[in-house]
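A quick write-up on the structure given underneath.
The values are calculated or read from the model by the stated rules, or taken from the named source; none is laboratory data. Note that the coordinates shown come from a computational prediction; the quantities given were computed from them, not determined experimentally. Every residue, glycine among them, receives a Cβ derived from its backbone with ideal geometry; neighbour counts consider all protein chains shown.
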Amino acid sequence: MNFFKYKTKYDADASGHFGPYGGRYAPEMLIPALEELEEAYMKAKNDPAFEKEYMYYLKTYVGRPSPLYFAENLTKHLGGAKIYMKNEGLNHTGAHKINHCLGQALLAKRMGKKRLIAETGAGQHGVAAATVAARFGFKCTVYMGEEDMKRQRPNVFWMQRLGAKVIPVMEGSRTLKDAVNAALKDWITNVRDSHYILGSTLGPHPFPSMNRDFQQIVGYEVKKQIQELEGRQPDMLIACVSGGSNAMGLFYRFLEDPSVRLIGVEAAGEGVRKKGRHASRFAGGRLGVIQGYKTIFLQDKEGNIAQTHSISAGLDYPGIGPQFAYLKDKGRVEFSAATDKQALKAFNLTVKHEGILPALESSHAIAEVIKRAPKMSRDNLIVVNISGRADKDIFIVAKALGDTEWNQFIKEQAK
């Protein structure tokens with residue numbers, strides 16, 4: 001099959017740089033661990049036994065392939081392009097995160113590690129990390145910002161049930177960027193027996209390329225599925241982008257097909273003109289080296305990470321994956337942004353017309369579909385990545401929609 005040997009002209013060089021982005025800017029104590037991980041991955045991706053094992057668990061444990069669903073009602077409602085949804089929310093653990101968590105767990109097993117460290121924002125990566133830890137017999141520690149723990153309490157509960165130790169991070173904005181810092185500190189301290197199962201296509205080399213390679217299964221499946229359904233490839237792919245794992249997973253196998261437009265959607269929060277109230281890196285971000293790699297970050301005047309905001313806990317990270325920064329420079333991926341209000345509107349529309357509960361992160365991508373589909377021909381095909389489902393977002397959505405019955409229920413339970 002040679003799944004892991006697929007390459008494009010947009011890949012990193014030997015040092016992990018995508019043009020001026022990426023690389024490895026890590027503390028000296030972490031360099032041996034990163035080199036060990038790179039060596040283990042390079043051996044594994046060239047080992048047919050590793051590919052066979054990975055594919056086996058994707059099929060029998062994760063439940064792949066995830067379906068490519070024709071959103072007939074939404075298509076009729078919006079008019080214009082035909083809309084397909086790649087429903088990653090139907091994976092085991094409810095999101096795309098399980099794809100790279102599984103791959104990294106298999107690598108950690110090969111390296112003889114006994115413990116997994118993870119960071120999480122929306123909680124889906126934390127749940128996936130805790131899940132593979134339980135399956136393969138690792139101890140697991142998950143760092144999560146205190147603010148995110150409040151917003152995503154259901155996922156905290158499930159991580160703990162899976163046996164993970166969930167540690168609240170009280171520093172900074174108490175969100176994802178702070179959880180990343182805490183996880184890196186843990187890894188530096190416990191590098192010999194622990195593997196940091198980083199949750200997106202970012203961080204120091206080899207994480208951006210490695211997690212992309214595990215996530216490419218999404219686009220690999222879409223290529224086959226859309227060909228079977230429509231007899232041709234799509235005209236446009238749309239996905240939400242924070243670090244970029246779900247978007248890169250969808251886009252990667254299409255990068256060298258110029259007929260397919262690739263649209264990444266960032267979180268505009270309360271509006272990109274409101275400083276500190278959005279997470280759109282391409283609306284005010286600049287080049288920086290933070291948390292072990294170089295990319296576009298939202299920063300203050302002194303170069304510190306700036307405050308961000310998004311209604312979705314998984315989209316408020318201040319930096320973007322280095323390959324995406326490079327792809328924007330090259331003009332291969334276009335970027336847009338959706339506000340909190342637009343994401344909520346897209347969420348409600350999808351629920352009512354398709355009976356699908358998209359995560360708030362994915363709802364940002366659907367908001368872009370709502371903008372673009374009516375302006376396109378009925379012969380055009382859009383594939384949007386539903387990166388996860390909204391179980392985790394029940395508290396956020398109920399609060400945003402002012403659901404009085406739910407609020408009353410919570411008060412009664414609290415008594």
If we take the stretch 214-306, then strands (runs of 3 or more DSSP E) inside it with 3 or more residues that are free of Cβ contacts under 8 Å to residues at least 60 places away in the same chain are 286-290
Considering only the stretch 370-388, I want to know if a residue exists there that is closer than 22 Å to residue 200 by Cα and either among the acidic types (Asp, Glu) or surrounded by fewer than 24 Cβ atoms within 10 Å (Cβ to Cβ) (or both). no
When you check residue 213 against the structure, is it among the acidic types (Asp, Glu) and out of contact with any Leu (no Cβ under 7 Å at 6 or more places or on another chain), yes or no? yes
Screening 298, 357, 344 for residues that are closer than 30 Å to residue 9 by Cα and at pLDDT 95 or above leaves only 298
One residue from 328, 352, 341, 411 being closer than 27 Å to residue 306 by Cβ and without any contact (Cβ under 8 Å) to a residue 12 or more places away in the chain: 341
Only one of 25, 69 is aromatic (Phe, Trp, Tyr), closer than 30 Å to residue 296 by Cβ and at pLDDT 95 or above, namely 25
Checking the condition in a helix (DSSP H, G or I) and out of contact with any Lys or Arg (no Cβ under 7 Å at 6 or more places or on another chain), which residue from 75, 8, 93, 60 passes? 60
Can you confirm whether residue 186 is of a type outside the set (A, V, I, L, M, F, W, C), at negative phi, at pLDDT 95 or above and not in a strand (DSSP E or B)? yes
Within the stretch 144-193, can you find the residues that are under 21 Å from residue 291 (Cα atoms) and polar (S, T, N, Q)? 173, 175, 181, 189, 190
Looking for something aromatic (Phe, Trp, Tyr), surrounded by 14 or more Cβ atoms within 10 Å (Cβ to Cβ) and out of contact with any Leu (no Cβ under 6 Å at 6 or more places or on another chain) - is there at least one such residue anywhere in the stretch 8-16? no
Mind checking whether some residue in the stretch 262-280 is closer than 26 Å to residue 30 by Cβ, polar (S, T, N, Q) and under 17 Å from the mean Cα position of the chain (by Cα)? no
Got at least one residue in the stretch 132-139 being among the small types (Gly, Ala, Ser), surrounded by 23 or more Cβ atoms within 10 Å (Cβ to Cβ), more than 17 Å from residue 210 (Cα to Cα) and within 15 Å of the chain's Cα centre (by Cα)? no
Got a sec? Which of 121, 94, 103, 89 is crowded, with 22+ Cβ neighbours inside 10 Å, of a type in the set (Gly, Ala, Ser), modelled with pLDDT under 95 and under 22 Å from residue 246 (Cα atoms)? 121
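What is the residue count in the stretch 265-282 for residues that are farther than 20 Å from residue 344 by Cβ and at pLDDT 95 or above?
Total meeting the criteria: 2.
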